[in-house]
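What follows is one structure encoded as structure tokens, with my remarks underneath.
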Amino acid sequence: MLRLPYSIILASGSPRRRELLTIAGIPFEVVPTYADETHPPGVLPEEIPQILAERKATSVPIGEGMIVIGADTIVLLDGKIYEKPNGREDAIRMLTELSGRTHQVVTGVCLLSTTKKVSFSETTYVTFNRLTQDEIAYYVDNYRPYDKAGSYACQEWIGAVAIRKFEGDYFNVVGLPVNRVYEALKNW
């Protein structure tokens, strides 16, 4: 259990990020953010999650003795960004493109207080087995991954049967590189 002289605020409505902070024993409160998530022009795709994490963190009013955590995750394949799908067909298209390939999951994190800011990104490489269209349709229809970057959650059915390997932080793919967040808070 991490004991800090700060109140930790998670600037996210993500149930997965809440679960990861809870598992890590980090006490926190949730303040969902409605920060602008438009991608800035002229920025490398790998830099976008950190920029959006900083926007989310700065969108929450900060008081003395508080640390706000903002985070954003994207999936990248061949430099193309795979965000949350716009429905069933978009989810099927994304998973079809990811099938049998290795992609990147990049999460940007920003920890912010009134006196300090720590920002970083974590990248994990995920390799999928080749999936049939029936398997993809089964997953989309039964798990409805419409709120997930890349149209999947590695902790669900698809992760158990389709992910051949991870290179890097598994929890980053779930939604937050909680090990790095814990260390940053511990060293605050």
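Observations, loosely collected:
- Close contacts from region 173-185, counting a first residue that is surrounded by 19 or more Cβ atoms within 10 Å (Cβ to Cβ) and a second that is in a helix (DSSP H, G or I) and of a type outside the set (A, V, I, L, M, F, W, C), with Cβ to Cβ under 6 Å and a gap of 6+ residues or different chains, come to V174/R16; G175/R16; G175/R17; L176/R17.
- Matching entry among T115, T96 (being free of Cβ contacts under 8 Å to residues at least 40 places away in the same chain, out of contact with any strand residue (DSSP E or B) (no Cβ under 7 Å at 6 or more places or on another chain) and more than 17 Å from D147 (Cβ to Cβ)): T115
- Count of region 47-93 residues which are of a type in the set (D, E) and free of Cβ contacts under 8 Å to residues at least 12 places away in the same chain: 2
- Residue ranges of helices (runs of 4 or more DSSP H) in region 133-180 with at least 2 members hydroxyl-bearing (S, T, Y) and farther than 24 Å from T22 by Cβ: 133-143
- Meets criteria (closer than 24 Å to V31 by Cα and under 17 Å from the mean Cα position of the chain (by Cα)) for G150: no
- Residues (within 22 Å of A162 (Cβ to Cβ) and among the polar types (S, T, N, Q)) located in region 87-137: T96, S99, T102, Q104, T107, T123, T124, T127, N129, T132, Q133
- Unique match (being out of contact with any helix residue (DSSP H, G or I) (no Cβ under 7 Å at 6 or more places or on another chain), of a type outside the set (A, V, I, L, M), under 28 Å from Y182 (Cβ atoms) and without any contact (Cβ under 8 Å) to a residue 40 or more places away in the chain) among Y125, Y34: Y34
So that you can scan it fast, the table gives a plain yes or no per residue for (1) part of a loop (DSSP other than H, G, I, E, B); (2) within 18 Å of K148 (Cα to Cα); (3) aliphatic (A, V, I, L, M); (4) modelled with pLDDT of 95 or more:
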residue: R3; (1), (2), (3), (4): yes, no, no, no
residue: I9; (1), (2), (3), (4): no, no, yes, yes
residue: R18; (1), (2), (3), (4): no, yes, no, yes
residue: T22; (1), (2), (3), (4): no, no, no, yes
residue: G25; (1), (2), (3), (4): yes, no, no, no
residue: Y34; (1), (2), (3), (4): yes, yes, no, no
residue: T38; (1), (2), (3), (4): yes, yes, no, no
residue: E54; (1), (2), (3), (4): no, no, no, yes
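- Only one entry in E64, E46 is at negative phi, assigned to a loop (DSSP other than H, G, I, E, B), among the acidic types (D, E) and over 12 Å from the mean Cα position of the chain (by Cα), namely E64.
- Unique match (being among the polar types (S, T, N, Q) and farther than 19 Å from A153 by Cβ) among S99, S119: S119
- Only one of A71, A91, A24, A35 that is at negative phi, crowded, with 16+ Cβ neighbours inside 10 Å and within 14 Å of the chain's Cα centre (by Cα): A71
- For region 92-122, filtering for residues that are touching a helix residue (DSSP H, G or I) at 6+ places or on another chain (Cβ under 8 Å) and in a loop (DSSP other than H, G, I, E, B) leaves 1.
The values are calculated or read from the model by the stated rules, or taken from the named source; none is laboratory data. Only a predicted model underlies this, so the values are computations on that prediction, with no experimental measurement involved. Note that we place each Cβ from the backbone using ideal geometry, even for glycine, and neighbour counts take in every protein chain shown.
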